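Report on one structure; see the data block that follows.
The values are calculated or read from the model by the stated rules, or taken from the named source; none is laboratory data. Quantities reported herein were computed from a predicted structural model and do not represent experimental measurements. Neighbour counts are summed over all protein chains in view; Cβ atoms, including those assigned to glycine, are modelled from backbone coordinates with ideal geometry. These area figures cover heavy atoms from the full protein model, side chains too; ligands, DNA and RNA do not enter into them. Shrake-Rupley method; radii C 1.70, N 1.55, O 1.52, S 1.80 Å.
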Amino acid sequence: MVANSDGVFASDHQVRTRFNISCIATGDTGCRRATGRSAGTRGFEHADPRGGRDARAARLRQAITKLDARPAPSGDLPVVLAGGSGDLVPRGLRHGLEADAVLKQASVYAGKVGQQVASPLVTLVDDGRCWANGGTSRSTTEGRPGPATC
C-alpha cells in the first residue's frame, strides 16, 4: 500500500509462492549439495507436479556431478557474459542499492546520487510494473499505476 502527500493512494494484493529444492550426494570424495528454487506470483494451485520432479532430478544430477568436480581455479580470470545474463544485475547490485544500506553509509553507492556509477553502455530500469521483465507490482513504490512501458 502506498499513500503519499500528493494524494496518491494505491494498494495491491499478491500471492507469492516459492518452492526450494536441496539435494545432497555423498561419495568417496565427500558430500556435495545442489540447490534450486522456483518462485512466482501465483499460488500452489498453478504448480505443475512434473516441473517439480524435473527440477528435483536436475538438482540431484548436479549434486552427483559435483562429487567428481575439480576445485575451481582462483585469482584474476576473464569473465564472459552471454545474452540473457540478467540475473547478474540483481545478484551483483541488489544489496548495495537497498536504501537502508545506502542511508547507513554501508554501500559502495552511498553518497553517489546523481553520479555515474557504471559504464554509459549500461541502462537499468527499476520498475516492478514491467511484467514481461519479471515485474510483480501493479504500481511503483511511489504509487504510479501500471502498466509501464518496458
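Within segment 25-39, take every residue that is over 21 Å from the mean Cα position of the chain (by Cα) and among the charged types (D, E, K, R) and give me the one that is least open to solvent (accessible area, probe 1.4 Å).
Arg32
Among the residues that make up segment 48-64, is at least one of them outside any helix (DSSP H, G or I) and of a type in the set (D, E, K, R)?
Within segment 48-64, one or more residues are outside any helix (DSSP H, G or I) and of a type in the set (D, E, K, R).
Quick check: is even one residue across segment 17-24 without any contact (Cβ under 8 Å) to a residue 24 or more places away in the chain, open to solvent by 60 Å² or more (accessible area, probe 1.4 Å), of a type outside the set (Val, Ile, Thr) and assigned to a strand (DSSP E or B)? Show your work before the answer.
In the first step, residues of segment 17-24 are kept if they are without any contact (Cβ under 8 Å) to a residue 24 or more places away in the chain; the result is 18, 20.
Then keep just the ones that are open to solvent by 60 Å² or more (accessible area, probe 1.4 Å); that gives 18, 20.
With the extra rule that they be of a type outside the set (Val, Ile, Thr), the set shrinks to 18, 20.
Restricting the remaining residues to those that are assigned to a strand (DSSP E or B) gives 18, 20.
There is at least one residue in segment 17-24 that is without any contact (Cβ under 8 Å) to a residue 24 or more places away in the chain, open to solvent by 60 Å² or more (accessible area, probe 1.4 Å), of a type outside the set (Val, Ile, Thr) and assigned to a strand (DSSP E or B).
Could you list, in sequence order, the residues of segment 127-145 that are open to solvent by 50 Å² or more (accessible area, probe 1.4 Å), part of a loop (DSSP other than H, G, I, E, B) and at pLDDT below 65?
Gly134, Thr141, Glu142
Look through segment 3-15, keep the residues that are in contact with a strand residue (DSSP E or B) (Cβ under 7 Å, 6 or more places away or on another chain) and assigned to a loop (DSSP other than H, G, I, E, B), and return whichever of them is nearest to Gly43 (Cα to Cα).
The qualifying residue nearest to Gly43 (Cα to Cα) is Asp12.
Name every residue in segment 65-77 that is modelled with pLDDT of 90 or more and in a loop (DSSP other than H, G, I, E, B), in order of residue number.
Pass one, segment 65-77, residues modelled with pLDDT of 90 or more: 65-69, 74-76.
Scanning segment 65-77 gives Asp68, Ala69, Ser74, Gly75, Asp76.
Being at pLDDT 65 or above, of a type outside the set (S, T, N, Q) and assigned to a loop (DSSP other than H, G, I, E, B) narrows it down to one residue among Ala118, Ala148, Ala101; which is it?
Checking each option against the conditions leaves just Ala118.
For the structure I just gave you, tell me whether Arg42 is in a strand (DSSP E or B), among the charged types (D, E, K, R) and in contact (Cβ under 8 Å) with a residue 12 or more places away in the chain.
Working: in a strand (DSSP E or B): no; among the charged types (D, E, K, R): yes; in contact (Cβ under 8 Å) with a residue 12 or more places away in the chain: yes.
In short, no.
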